[in-house]
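The values are calculated or read from the model by the stated rules, or taken from the named source; none is laboratory data. Everything numeric in this text was worked out from a predicted model, so none of it was measured. A quick note on method: Cβ atoms are made from the backbone with ideal geometry, for glycine too, and the neighbour counts reach across all protein chains shown.
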Amino acid sequence: MLNNFFRLLIILCCAGGTAHAQLTKETVRQHIRELLQTVTDNYVYPATAEKAKQHVLTLQEKGAFDTIQKGERLAAALTRDLQTITHDLHLRVFYSPTGLPKQENRAGPSPEEIDQFKQMLKGANYGIKEKSVLEGNIGYLNITMFAPLDFCADSLTAAVQAVINTDALIIDLRECGGSMDPDAIPFFSGYFFDRPTHLNDLYFRNTGDTTQYWSYGWVPGKKYGNKPIYLLTSGRTFSGAEEIAYDYKNLKRAILVGEQTKGGANPGGDMRVNDHFGVFVPNGCAINPITKTNWEGVGVTPDTVISAMKALHKAQLMAVQHLWQQANTPEKKRSLQEALTAIQKAAPVYKQVQFTLKGFENAKEVFVAGSFNGWTPEQTPMLRKGKEWVAVAEAPVGKLTYKFVVDGEWILDPAHTQTESDGRYTNSVKQVQ
């Protein structure tokens, strides 16, 4: 059964927009009071929650929120201020102008809400962005999310079976924001371990219980066996995606290629604060059975550190080179050498690209994020030079999509009219030549 997280997600993603009511000082104080109560009652570390509460109250007394009149701005400010103390990127405040559903006296979401959620997942192909076979008989799976197992099991099975006869596998988690279901990763992992393997434990404050999670012993279709696996990571890889990277690295089941991951190991769920504000509260923490700790706040370090946009090409080379070394016939070595030559010839070409944003002289922080940096703003800060914000970054030749992030607000490039929609967001576009 779907929980409150999915129900609130449906409201936020599927509801139509309405007029935004202007906040007053009194309503802002009320929202803050109710929010802090929700956080302190549920956050996994009570002492940390209390420190965060006092920090926000101190800022409030200094008038930090007095000029805020929009719900989105208040949510962004409170998210920033809570994270300043907790350093927990899962802890996020959100605002809905349409109103959030009441949670009391409901056993679960309605059939209509479940159908909306299923349609949203279907539109994202249940998180399977790509499944293919690359040069050298290397399997490739690009997974952007792990949806609830009830909905995504068939898609995960089909994805693995599509690459089951390859000699090595690249699992791309560079765009993966995590898992919606604690059983999805154990199910997926069942294809890559011969027997049930202890992956991770989750402790939750509200019950005091710790639950173990093991890879599934039986899964539909064929298992992948002990063939080599390469996991691609980026600064955008988060939460459940980091768990897979952390688990497989410590179990020596995969080689990680890419960037340090984002650093979120505390699971939780969306909680309704009032009619228009909610908060994702981490009320648990991951405990790895090998390290007895997790990746919270530090991320997962790849075995081979390289820019995320170069990670796929690097992993392809590594996989084919490994297979070439293991090949036991001249024919196989010759075939793999041809594949290696083809991959090297197809290496992407990169150029330096300058981004310029005029105005916004009162902004505190400006970043640029796009296809060139995995949509990770922190990787490309912009510097104020005269009347402009400027940044220079490396990007592959071809189409580049991007946005500027000004004090937390994502905006299109005012100087470029060319845009492109990916079905959910509209982004600015430029050609790198």
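Taking the stated definitions as given, is THR58 β-branched (Val, Ile, Thr), out of contact with any strand residue (DSSP E or B) (no Cβ under 6 Å at 6 or more places or on another chain), at pLDDT 95 or above and loosely packed, with under 15 Cβ neighbours inside 10 Å? Yes. Of the listed requirements (1) assigned by TED's automatic domain parsing to the domain that holds ARG174; (2) touching a Pro at 6+ places or on another chain (Cβ under 7 Å), PHE146 misses just one: (2).
Scan GLY269, GLY264, GLY258, GLY299 and give me the residue that is small (Gly, Ala, Ser) and surrounded by fewer than 21 Cβ atoms within 10 Å (Cβ to Cβ).
On the way: GLY264 fails: surrounded by fewer than 21 Cβ atoms within 10 Å (Cβ to Cβ); GLY258 fails: surrounded by fewer than 21 Cβ atoms within 10 Å (Cβ to Cβ); GLY299 fails: surrounded by fewer than 21 Cβ atoms within 10 Å (Cβ to Cβ).
Step by step, each of GLY269, GLY264, GLY258, GLY299 is checked, and only GLY269 is small (Gly, Ala, Ser) and surrounded by fewer than 21 Cβ atoms within 10 Å (Cβ to Cβ).
Any residue that is assigned to a strand (DSSP E or B), among the basic types (Lys, Arg) and either without any contact (Cβ under 8 Å) to a residue 40 or more places away in the chain or more than 20 Å from ASP209 (Cα to Cα) (or both) - is there at least one of those in region 271-283? Yes, there is a match, as at least one residue in region 271-283 is assigned to a strand (DSSP E or B), among the basic types (Lys, Arg) and either without any contact (Cβ under 8 Å) to a residue 40 or more places away in the chain or more than 20 Å from ASP209 (Cα to Cα) (or both). If the condition is being among the small types (Gly, Ala, Ser) and under 19 Å from the mean Cα position of the chain (by Cα), then region 375-433 contributes GLY408, GLY423.
Within region 242-251, is there a residue that is at pLDDT 95 or above and assigned to a loop (DSSP other than H, G, I, E, B)? Lay out the reasoning, then the answer.
To start, the set of residues in region 242-251 that are at pLDDT 95 or above comprises 242-251.
Going one step further and asking which of them are assigned to a loop (DSSP other than H, G, I, E, B), we end up with 251.
There is at least one residue in region 242-251 that is at pLDDT 95 or above and assigned to a loop (DSSP other than H, G, I, E, B).
The set of residues in region 166-183 being in a loop (DSSP other than H, G, I, E, B) and either without any contact (Cβ under 8 Å) to a residue 12 or more places away in the chain or under 25 Å from LYS118 (Cβ atoms) (or both) consists of LEU173, GLU175, CYS176, GLY177, GLY178, MET180, ASP181, PRO182, ASP183. Need pairs with beta-carbon distance below 8 Å; first residue crowded, with 16+ Cβ neighbours inside 10 Å and within region 205-231, second assigned to a loop (DSSP other than H, G, I, E, B) and basic (Lys, Arg); sequence gap 6+ or separate chains. Listed by first residue and then by second, the contacts come to ILE229/ARG253.
Is one or more of the residues making up region 86-99 in a helix (DSSP H, G or I) and aliphatic (A, V, I, L, M)? So far as region 86-99 goes, no, none of its residues is in a helix (DSSP H, G or I) and aliphatic (A, V, I, L, M). Out of the residues in region 302-333 that are outside any helix (DSSP H, G or I) and touching an Asp or Glu at 6+ places or on another chain (Cβ under 9 Å), state the one that is surrounded by the fewest Cβ atoms within 10 Å (Cβ to Cβ). Looking at the filtered set, the residue picked out is VAL305. Can you spot a residue in region 40-48 that is of a type in the set (A, V, I, L, M, F, W, C) and over 15 Å from VAL273 (Cβ atoms)? So far as region 40-48 goes, yes, one or more of its residues are of a type in the set (A, V, I, L, M, F, W, C) and over 15 Å from VAL273 (Cβ atoms). Quick check on ALA415: is it surrounded by 15 or more Cβ atoms within 10 Å (Cβ to Cβ) and touching a residue at least 24 places away in the same chain (Cβ under 8 Å)? For ALA415, the condition - surrounded by 15 or more Cβ atoms within 10 Å (Cβ to Cβ) and touching a residue at least 24 places away in the same chain (Cβ under 8 Å) - is not met.
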